[in-house]
Amino acid sequence: MLFRLITMCFFWTVLTFCHNAIADEKTVQVGVLHYPPYIIVKDDGIITGLNPEIIRTVFTHAGFKVKFKVLPFARSIKLTETGKIDAVGALDDHSPVEISLSRLPIANQIGGFFVRSDNNWQYSGIPSLDKQKVLYVRGYDYTALDPDYQNYVETSPNVSRWNPINNHIETVIRLLKNGRVDVTLEDVTVMKYMLSETKQTDVLKEAGRLKGTIGLHIGFAKNKRGNKLLEAFNQSHSELMASGKINPVFKKFNIPQIAPAKQ
């Protein structure tokens, strides 16, 4: 009787372990950081925004569940590179990291200059920056948009250089509004979203753009599991884009949609 009880306990332990292993295999762990409207981490812990909604939709279609982990960006990168989590929720296509990018971007980032509403300055090339105090956050790399601008913010005496800032966009808006700096370059979608959300659309305005765009992707670990997840994501994403079933997510956040992938 005791032997039978021990055998049954062992059987259920193994069965439970296998069930949990299968469940974990079907759960994708994704590192994210508050970066609205691409990634929105609400005060109550709910995670939404364009990228999380796309990731959920795509992986649900592919038969997976998603678990988001709110992490500093650099830590998300490190954990993905070492395979301790599966993916980074937002990564541009020029990031110098050992991570595999989704075939199709989630969105295209556009670099726009922002100034106070009473500043009549307009960007017309690098020389036009010389009489403005430009804000640059160290670690940002604009080479893909304009290598001359990247060189300018790294070398010009007119540039106010800051270390990475918590609540980045809110801080940038405050520095501009208070006259600490005159000009900053930010993602147009992000800045306009934050100005609208904080009811400050009359405080700052866009004053020109750099040419070109940077694709914003999902980044996956370069290992056997990561490769499998990347393949599943790419296939499911392409199917949903081609069918139009993913369109409502873009409309929800008022972000231009990337063209469907060619089959």
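The values are calculated or read from the model by the stated rules, or taken from the named source; none is laboratory data. Because the structure is a prediction, the values reported are computed rather than measured. For neighbour counting, all protein chains shown are included, and Cβ atoms are generated from backbone atoms with ideal geometry for every residue, glycine included.
Considering only the range 31-88, state which residues are assigned to a helix (DSSP H, G or I) and more than 24 Å from residue 256 (Cα to Cα). Walk me through it before giving the result.
The initial filter retains those residues of the range 31-88 that are assigned to a helix (DSSP H, G or I), namely 50-61, 73-81.
Within the range 31-88, 73, 74, 75, 76, 77, 78, 79, 80, 81 qualify.
For the range 204-217, a tally of residues being at pLDDT 95 or above and among the hydrophobic types (A, V, I, L, M, F, W, C) returns 2.
Provide a single number: the residues in the range 64-74 that are within 29 Å of residue 164 (Cα to Cα) and modelled with pLDDT of 90 or more. Give the steps one after another, and end with the answer.
First pass over the range 64-74, keeping only residues within 29 Å of residue 164 (Cα to Cα): 66-74.
From what is left, the residues that are modelled with pLDDT of 90 or more are 66-71.
Here the count works out to 6.
Here the condition is being assigned by TED's automatic domain parsing to the domain that holds residue 31, among the charged types (D, E, K, R), under 25 Å from residue 141 (Cα atoms) and without any contact (Cβ under 8 Å) to a residue 40 or more places away in the chain; of 78, 84, it holds for 78 alone. Counting only residues that are under 20 Å from residue 224 (Cβ atoms), at pLDDT 95 or above and surrounded by fewer than 20 Cβ atoms within 10 Å (Cβ to Cβ), the range 22-63 holds 4 of them.
If you check 258, 218, which single one turns out to be outside any helix (DSSP H, G or I), within 17 Å of the chain's Cα centre (by Cα) and assigned by TED's automatic domain parsing to the domain that holds residue 37?
Sole residue among the options that is outside any helix (DSSP H, G or I), within 17 Å of the chain's Cα centre (by Cα) and assigned by TED's automatic domain parsing to the domain that holds residue 37: 218.
Here's the yes/no breakdown for (1) of a type in the set (A, V, I, L, M, F, W, C); (2) over 26 Å from residue 163 (Cα atoms); (3) outside the structural domain of residue 179 (by TED's automatic domain parsing); (4) in a helix (DSSP H, G or I):
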site: 91; (1), (2), (3), (4): yes, no, yes, no
site: 95; (1), (2), (3), (4): no, no, yes, no
site: 115; (1), (2), (3), (4): yes, no, no, no
site: 124; (1), (2), (3), (4): no, yes, no, no
site: 132; (1), (2), (3), (4): no, no, no, no
